[in-house]
Amino acid sequence: MDLGLTQEELAEQVGVTRQTIGLIEKEKYNPTISLALSLSEALGKSLDDLFWMETSKHEKR
Amino acid sequence: MKKDERLNASVKVANSLGYVLFWYGIFAVLLYRWFILDLTLIETIDIFLVWIVASLVQFMALASKGIPITYPIDTTRKEQKYFTFLLPIVAGALSVIILWVFREVTEVRRLLGGFFLTGFATLTLLIIYRIIVHYWEQKNT
């Protein structure tokens with residue numbers, strides 16, 4: 001999704017490093033619920049929109 | 001940055017790796033000095049104190065987080081009770097073997113002293129551990 005935010009700006013808003021945001025984007029790090037909620041708030045998107053797996057194994061209910 | 005959960009978790013992993021190496025390293029040094037160089041406990045008391053304090057701090061930290069005494073082995077409360085009383089006997093027996101085989105102590109009184117002292121110390125530690133875990137469970141579950 002494109003909200004015109006850089007990784008650095010988003011990281012600053014939720015209080016983590018740019019590297020952590022990068023790892024979450026690449027699905028190499030699973031954030032805690034607390035950080036996931038902060039990201040959801042900062043990006044104005046629901047947790048479903050941000051973190052729901054898009055593979056065929058995990059079909060959306 | 002201080003509250004970056006990923007960094008905090010990674011730093012903890014790195015620190016615990018360092019701690020494990022430190023703990024086993026110091027233990028190996030102690031064993032080498034006791035059984036190869038034939039030094040006594042008093043002669044190695046400086047290293048031993050560092051090692052025992054680190055061990056006790058870790059022991060208490062585990063108890064204060066409510067980690068079961070037999071972790072990682074899954075046991076029932078009854079089995080944990082048996083463990084609490086069985087381990088001191090094993091520790092006492094180990095102390096007798098060490099005194100007898102490596103220190104060539106044959107005097108029964110000294111061997112029994114070693115057995116009871118080690119067993120009692122182990123039992124005390126395990127009881128303290130169980131008490132801490134008990135209060136943790138009451139508070140958190």
Among the residues of the range B:104-134, write down those that are touching a residue at least 60 places away in the same chain (Cβ under 8 Å) and in contact with a Ser or Thr (Cβ under 8 Å, 6 or more places away or on another chain). B:Arg130, B:Ile132
Given (1) open to solvent by 90 Å² or more (accessible area, probe 1.4 Å); (2) in contact (Cβ under 8 Å) with a residue 12 or more places away in the chain; (3) among the aliphatic types (A, V, I, L, M); (4) under 16 Å from B:Tyr129 (Cα atoms), index of the condition B:Leu94 fails: (4)
Search result, residues across the range B:53-79 that are surrounded by 14 or more Cβ atoms within 10 Å (Cβ to Cβ) and among the hydrophobic types (A, V, I, L, M, F, W, C): B:Ala54, B:Phe59, B:Met60, B:Leu62, B:Ala63, B:Ile67, B:Ile69
Which condition breaks for B:Arg103 when tested against (1) surrounded by fewer than 12 Cβ atoms within 10 Å (Cβ to Cβ); (2) over 30 Å from B:Lys139 (Cβ atoms); (3) not hydrophobic (A, V, I, L, M, F, W, C)? (1)
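This table checks each residue for (1) of a type outside the set (A, V, I, L, M); (2) more than 10 Å from every other protein chain (Cβ to nearest Cβ); (3) more than 16 Å from B:Leu7 (Cβ to Cβ).
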residue: A:Gly4; (1), (2), (3): yes, yes, yes
residue: A:Glu9; (1), (2), (3): yes, yes, yes
residue: A:Gly15; (1), (2), (3): yes, no, no
residue: A:Ile24; (1), (2), (3): no, no, no
residue: A:Tyr29; (1), (2), (3): yes, no, no
residue: A:Ala36; (1), (2), (3): no, yes, yes
Every pair of residues 6+ apart whose Cβ atoms lie under 9 Å, when the first sits in the range B:1-21 and is of a type outside the set (A, V, I, L, M) while the second is loosely packed, with under 10 Cβ neighbours inside 10 Å: B:Asn8/B:Lys2
Can you tell me which of (1) part of a helix (DSSP H, G or I); (2) open to solvent by 80 Å² or more (accessible area, probe 1.4 Å); (3) in the same structural domain as B:Arg130 (by TED's automatic domain parsing) is the one B:Val13 doesn't meet? (3)
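The values are calculated or read from the model by the stated rules, or taken from the named source; none is laboratory data. Bear in mind the structure is a predicted one, so any value in this text is a computation, not a measurement. So basically every Cβ, Gly included, is an ideal-geometry build from the backbone, and we count neighbours across all protein chains shown. The protein model used for the area step is the full one, side chains on, heavy atoms only, and it has no ligands, DNA or RNA in it. Shrake-Rupley method; radii C 1.70, N 1.55, O 1.52, S 1.80 Å.
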